[in-house]
Amino acid sequence: TDHVESLQVEFGDLFNQLQDECTIVLDTLESEDTRMAAYYDRIIQEATTQKNKLTAQIQAAKQNNLTILGEVQKVMDTERERIMSLLVKVNDKKPYSLIRRVRV
């Protein structure tokens with residue numbers, strides 16, 4: 001029975017040691033999980049920030065393009081008016097059919 005008691009003590013010690021090691025592993029895994037979650041949160045936050053910056057740049061570029069198109073349209077309208085004015089002036093000297101063909 002001394003042998004059985006000795007084995008029980010040894011088994012109890014081994015069991016306690018194994019339990020301690022498992023606790024250390026679990027704590028380490030939990031800590032690593034928390035660290036990785038924070039890391040991925042930072043990555044997601046940075047990606048969101050970059051996406052928002054790019055979205056703002058795209059919106060600014062679209063607005064800039066609309067502004068440029070508006071300016072081009074103004075120049076085209078001004079040139080069209082100038083050409084039509086010149087054609088009207090030429091109308092006194094050339095047949096109407098010439099002006100009509102130019103307008104088409």
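The values are calculated or read from the model by the stated rules, or taken from the named source; none is laboratory data. Being a predicted model, the structure only gives us computed values, none of them experimental. Cβ placement follows ideal geometry from the backbone for every residue including glycine, while neighbour counts extend to all protein chains displayed. For accessibility, only protein heavy atoms count, side chains too; no ligands or nucleic acids. Shrake-Rupley method; radii C 1.70, N 1.55, O 1.52, S 1.80 Å.
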In whole angstrom, note down how far apart the Cα centers of region 71-91 and region 43-70 are.
-> 36 Å
Descending Cα extents along the principal axes, region 1-43, whole Å | 62, 6, 5
Taking the Cα atoms only, what angle lies between the long axis of helix 2-91 and the longest principal axis of the chain, rounded to 10 degrees?
-> 0 degrees
Which of (i) 1.27; (ii) 1.32; (iii) 3.26 gives Cα Rg over 2.2 N^0.38 Å as computed here? It is (iii)
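Write down the accessible area per residue of the chain in Å², having rolled a 1.4 Å probe over the full set of protein chains. Can you show the working numbers first?
Values: 9570 Å² over 104 residues.
Heavy-atom SASA per residue in the chain reads 92 Å².
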Would you mind telling me the share, in percent, of accessible area of the chain contributed by carbon and sulfur at probe 1.4 angstrom?
-> 60 percent
Taking the simple approach of a point 7 Å from Cα along Cα-to-Cβ for both Q19 and V72, what is their distance in nm?
-> 7.9 nm
